[in-house]
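A short reminder: the numbers here are calculations on the coordinates, not readings from a lab. No experiment lies behind these values; they were computed from the predicted model shown. As a convention, Cβ positions derive from the backbone with ideal geometry for all residues, glycine included, and neighbour counts pool all protein chains shown.
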Amino acid sequence: MTGIQLLMLYFSTAVSVLLLISGGYKVIRDFISAKFENAVAEKAAATKRMD
């Protein structure tokens with residue numbers, strides 16, 4: 001492999017990894033946010049039933 005080909009390979013690998021990380025971060029963030037919102041809603045419903 002020439003130096004240019006090696007550089008292109010490393011660049012495309014780095015870009016792919018960054019895209020995977022950023023996409024994975026969004027999915028995990030949305031999952032945690034949904035879990036938190038569900039817990040808050042359940043607690044509010046439980047509090048409302050006790051009143």
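Counting the residues of the stretch 21-51 that are surrounded by 10 or more Cβ atoms within 10 Å (Cβ to Cβ) and not in a helix (DSSP H, G or I) gives 0.
Mind listing whichever residues of the stretch 3-20 are of a type in the set (A, V, I, L, M) and either surrounded by 10 or more Cβ atoms within 10 Å (Cβ to Cβ) or not in a helix (DSSP H, G or I) (or both)? Spell out the reasoning first.
Looking only at the stretch 3-20, we keep the residues that are of a type in the set (A, V, I, L, M), and these are 4, 6-9, 14-15, 17-20.
Leu6, Leu7, Met8, Leu9, Ala14, Val15, Val17, Leu18, Leu19, Leu20 - these are the residues of the stretch 3-20 that are of a type in the set (A, V, I, L, M) and either surrounded by 10 or more Cβ atoms within 10 Å (Cβ to Cβ) or not in a helix (DSSP H, G or I) (or both).
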